[in-house]
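Here's the structure, in structure tokens; my notes come after.
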Amino acid sequence: MISADMEGATGVTWTGDVIPGTEQWQRFRRLFTGDVNACVAGLVAGGAKEVMVNEAHSSQRNLLLEDLHTSARMLTGRHKPLSMMQGIDSDVDGVVLLGYHTGAGSPGVLAHTYLENSITGVWLDGVHASEGRLNAALAAEYGVPVLLVTGDDLTCEDAASYAPSAATVAVKECVSRYAAVCLPPAVAFSHITQAATAAMASAGRGEGVVSPHRIEVEFDATHLADAAAVVPTVELIGARRVGFDAVSMTEAMKAFKVVTHVAAGAVEDIYG
Ligand SMILES: [Zn+2]
């Protein structure tokens, strides 16, 4: 399975590159599809019999189905219970976190966690967490290894801390949150294919481990924390911070999704 996000795709460095409907987005969805196809080609060369691509960015309608590698199938569209990781609870032998980025409050190209802004940090069991760390913990609950992570160089460093056995491919080198030194697509695609082929050696589902988890979320304004704290089980633990406990990572991610939706609904123009 490939969980495909866009901020960490080849060449992407800026808001316009990833916001559906813009001219730049139309251009970068081709490069994003190129990263995915390069990964599919590598996984198949490494022995994968089927590859499911789960669209994980924004409207979750970014990849070009008409250009998709013929060995893959694609889950497109929003409102999936497990969101970026929909399908991880099926018969999956490995997951690639493709086009990922660092978490809110960390350095990295287009760094954020779920909301593009408003969230200043997320902690999983006390550890500052990116989407990669959260989703790797979810994969672990189903015994699914993270095979490969792609994104900027800082995303690869982050991956080394939460999925040390995963391969990584840096398709760009972070200079600022909105600037990077980028590889030409043909070079990036080649690196992704090679890494995906080799990473298939680590494929194979193991025993999942279900355990309780705690997530804390910090916002950039007090009213967003107040709004999120209305959600059952979510407590206000600071002026701009909420926390909640869940019996499993699956439940934790569902609650996190609700928290982000409720907070996003409370954001006002200009003042946030
Ligand atoms: Zn993301």
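Derivation of every value follows stated rules applied to the coordinates shown; laboratory data play no part. Since this is a predicted model, take the numbers as computed values, not measurements. Here the Cβ is made from the backbone with ideal geometry for all residues, glycine too, and neighbour counts use every protein chain on show.
Given H placed 1.01 Å from N in the peptide plane, which residues other than close sequence neighbours of T113 have an amide H under 5 Å from its amide H? Those lying under 5 Å, H to H, from T113 are A104.
Computed from Cα positions, the angle between helix 185-199 and the longest principal axis of the chain comes to roughly 90 degrees. For the pair segment 180-211 / segment 39-77, the C-alpha centres are spaced 13 Å from each other. A simple rule links phi to the HN-Hα coupling: the Karplus curve 6.51 cos²θ - 1.76 cosθ + 1.60 with θ = phi - 60°, which for segment 114-127 gives 6, 6, 4, 9, 6, 8, 9, x, 10, 10, 10, 6, x, 10 Hz, with x for Gly and Pro.
Treating the angle as unsigned and between 0 and 90°, give the value, to the nearest 10°, between the Cα long axis of helix 23-45 and the longest Cα principal axis of the chain. Helix 23-45 and the main axis of the chain meet at about 60 degrees.
Neighbour counts of C-beta atoms inside 10 Å place L63, L68 in the sequence L68, L63, starting with the fewest.
Helix 249-266 and the long axis of the chain differ in direction by around 70°, with both axes built from C-alpha atoms. What aspartates and glutamates could a cross-link reach from K49, if we take a straight Cα to Cα line under 17 Å and drop same-chain neighbours fewer than 8 places away? Partners within reach: D91, D93. Here the 3J(HN,Hα) profile of segment 207-215, calculated from phi with Karplus coefficients 6.51, -1.76 and 1.60 at θ = phi - 60°, is 6, x, 10, 9, 8, x, 9, 10, 10 Hz, Gly and Pro shown as x. Applied to segment 71-86, the Karplus parametrisation 6.51 cos²θ - 1.76 cosθ + 1.60 on θ = phi - 60° returns per-residue 3J(HN,Hα) values of 8, 10, 10, 10, 9, 10, x, 9, 6, 10, x, 9, 6, 4, 10, 3 Hz, with x for Gly and Pro.
Diagonalising the gyration tensor over the Cα atoms of the chain and scaling each eigenvalue by 5 before taking the square root yields semi-axes of 29, 22, 16 Å, largest first.
Using only the C-alpha atoms, the convex hull of segment 213-271 corresponds to 62 Å³ per residue. Sparse packing (at most 10 other Cβ atoms within 10 Å of the Cβ) combined with a DSSP loop state is found for the following GluC sites (Glu not before Pro) in segment 179-272: E207, E268. Straight-line cross-link partners of K254 among the lysines, defined as a Cα under 19 Å from its Cα and at least 8 positions apart when in the same chain: K80. For the pair segment 83-158 and segment 230-264, the centres of their Cα atoms are 17 angstrom apart. Placing one equal scatterer on every Cα of segment 93-251 and applying the Debye formula, the log10 ratio I(q)/I(0) at q = 0.08, 0.09 Å⁻¹ is -0.26, -0.33.
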